[in-house]
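A short write-up of the structure that comes next.
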Amino acid sequence: MIECDLHVHSLRSTCGFHTLLEIVSIIQKKGLKAFALTDHSPVHQTPRSYFSVMLKRMPPVIDGVRVFKGIEATILDDTGDLDLPEFDETFSYEIILAALHKSGHFEYNINKEKNTRAVITALKKHPKIHVVTHPFYKVFPLDLDALTDTALETNTAIEINNSYILTNKANIEALEQLLELAGKKGNMLSVNSDGHMFNEIGKFDLALEFIIRYGIENYNIVNRTLESTLEFLGLEE
Ligand SMILES: [Zn+2]
Ligand SMILES: [Zn+2]
């Protein structure tokens, strides 16, 4: 049902468990066509100096699996600053995810207004962000009406994150509200695993359960097929 997992962490994220080739084989076994390698940005101790170098040298197709060169950038503060290492003109990310995470810069924050300002300003400031990830994270409540409006305006897809449901990091009430709003307004959705380990990577069952309950036909899921993913990312192949 979903051919591309656009949110996967490798060993290079301090929290990921697998090497690139292990992930390729996990994705193959699950019958998917592609995934995006979206390791955390340097604020999470991901080594900055190797970020572009290694992504640049990575072939686009490994053992028949299309691997998108990506990053999950952390939104640093409510001025919308993004932890996104920029390199020379020979490298550009194929996919940029962005989110609020617990980090030294933006700690656990129950201030909904401040969280919302941070995410919305980041989306407006950085038009290259493709997907806003896990906007129903328990510890960072957001004004989802404002978020869905901004996502429409900036052509950003909203992530329905499987691992957050699996690991109890999701505010289920917020997830349901998000699906209701996105269905009504026509937001693009990206259904991803956010897998850090073999049992999570390429897995979408819990996210799909919610989407099916709200009527899957109501949603434009950008990563449903490889073709729709390429179109969403503005890539030829
Ligand atoms: Zn994240
Ligand atoms: Zn992630």
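Dipole of region 4-233 (Lys/Arg Cβ +1, Asp/Glu Cβ -1, origin at the Cα centre): which of Leu178, Pro47, Asn168 lies farthest to the positive side?
The listed residue farthest towards the positive side: Pro47.
If amide H atoms are built 1.01 Å from N in the plane of the peptide, which residues on other chains or at least 5 residues away come under 5 Å of the amide H of His18?
Those qualifying (amide H under 5 Å, at least 5 residues apart or on another chain) are Leu11.
Could you report region 121-217's accessible area per residue, 1.4 Å probe, as an integer in Å²?
Working: 3850 Å² over 97 residues.
With the other protein chains kept in place, region 121-217 gives 40 Å² per residue.
Convert each backbone phi in region 218-235 into a coupling constant with the Karplus relation 6.51 cos²θ - 1.76 cosθ + 1.60 (shift: θ = phi - 60°), then list the ³J(HN,Hα) values in order as whole Hz, x for Gly and Pro.
7, 10, 9, 8, 5, 9, 4, 10, 5, 4, 5, 5, 4, 5, 4, 8, x, 10
Name the shape class, rounded, prolate or oblate, that the alpha-carbon gyration tensor gives for region 144-221, where a ≥ b ≥ c are the square roots of its eigenvalues, rounded holds for a/c under 1.5, and otherwise prolate holds if a/b is larger than b/c and oblate otherwise.
Prolate.
Can you work out the FRET efficiency for the pair Glu176 and Ile216, with r the C-beta to C-beta distance and R0 = 25 Å, to the nearest 0.05? Write out the running numbers ahead of the final one.
Values: r = 15 Å, r/R0 = 0.59.
The value I calculate is 0.95.
Once R0 is set to 41 Å, what does the formula 1/(1 + (r/R0)^6) return for the Cβ-Cβ distance between Lys29 and Thr154, expressed as a FRET efficiency to the nearest 0.05?
Values: r = 36 Å, r/R0 = 0.87.
Given R0 = 41 Å and the Cβ-Cβ separation, E is 0.70.
To the nearest 20 debye, what charge dipole does region 157-230 have about its Cα centre, counting +1 at the Cβ of each Lys and Arg and -1 at the Cβ of each Asp and Glu? Walk me through the numbers before you get to the answer.
Working: 6 positive and 10 negative charges, 21 e Å.
With Lys and Arg at +1 and Asp and Glu at -1, about 100 debye.
Treating only the Cβ of Lys, Arg, Asp and Glu as charged (+1, +1, -1, -1), what charge dipole size does region 19-176 show about its Cα centre? Round to the nearest 20 debye. Can you show the working numbers first?
Working: 17 positive and 21 negative charges, 108 e Å.
Dipole of region 19-176, to the nearest 20 debye: 520 debye.
Give a quick list of GluC sites (Glu not before Pro) in region 1-90 that DSSP marks as loop, anything other than H, G, I, E or B, with at most 14 other Cβ atoms within 10 Å. Don't skip to the answer; put the middle values down first.
Values: sites: Glu3, Glu22, Glu72, Glu86, Glu89; in loops: Glu3, Glu86, Glu89.
Answer by residue number: Glu86, Glu89.
At 0.36 nm per residue, and after removing the present C-alpha to C-alpha distance, how many nm does the segment from Phe91 to Thr14 gain when stretched out fully? Intermediate values should be presented prior to the final figure.
Details: separation 77, 0.36 × 77 = 27.72 nm, distance 2.31 nm.
Taking 0.36 nm per residue and subtracting the Cα distance, the gain is 25.4 nm.
Heavy atoms only, probe 1.4 Å: what % of the accessible area of the chain goes to carbon and sulfur, would you let me know?
Values: 5440 of 10410 Å².
Using a 1.4 Å probe with all protein chains present, the chain comes out at 52 percent carbon and sulfur.
Express in nm, to one decimal, how much length is gained between Ile62 and Leu21 on full extension, taking 0.36 nm for each residue of separation and deducting their alpha carbon distance. Working shown, then result.
Numbers: separation 41, 0.36 × 41 = 14.76 nm, distance 0.82 nm.
Difference between extended and current length: 13.9 nm.
Note down the accessible area of Asp81, probe 1.4 Å, to the nearest 10 Å².
Near enough 60 Å² of accessible area.
Pairs of alpha-carbon atoms within less than 8 angstrom and 6+ residues apart define the contacts here; what relative contact order does the chain have, in percent?
Numbers: 491 pairs, mean separation 49.5, N = 237.
About 21 percent, as a whole number.
Placing +1 on the Cβ of each Lys and Arg and -1 on the Cβ of each Asp and Glu in region 1-146, which of Leu84, Ile26, Ala122 has its Cα farthest towards the positive end of the resulting dipole?
The Cα lying farthest towards the positive end belongs to Ile26.
Have a look at the DSSP beta bridges in region 4-233 and tell me what percent are antiparallel, nearest 5. Don't skip to the answer; put the middle values down first.
Details: 5 of 31 bridges.
So the antiparallel bridges in region 4-233 amount to around 15 percent.
Could you give the accessible area per residue of region 54-95, probe 1.4 Å, as a whole number in Å²?
Working: 1820 Å² over 42 residues.
With the other protein chains kept in place, region 54-95 gives 43 Å² per residue.
Which of the lysines could a cross-linker bridge to Lys114, judged by Cα under 30 Å and excluding same-chain residues fewer than eight apart?
Lys102, Lys124, Lys125, Lys128, Lys138, Lys169, Lys184, Lys185
The values are calculated or read from the model by the stated rules, or taken from the named source; none is laboratory data. Predicted model, so just to flag it, every value in this text is computed and none were measured. Neighbour counts are summed over all protein chains in view; Cβ atoms, including those assigned to glycine, are modelled from backbone coordinates with ideal geometry. To get the accessible areas, we keep the full protein, side chains included, count just its heavy atoms, and leave off ligands, DNA and RNA. Shrake-Rupley method; radii C 1.70, N 1.55, O 1.52, S 1.80 Å.
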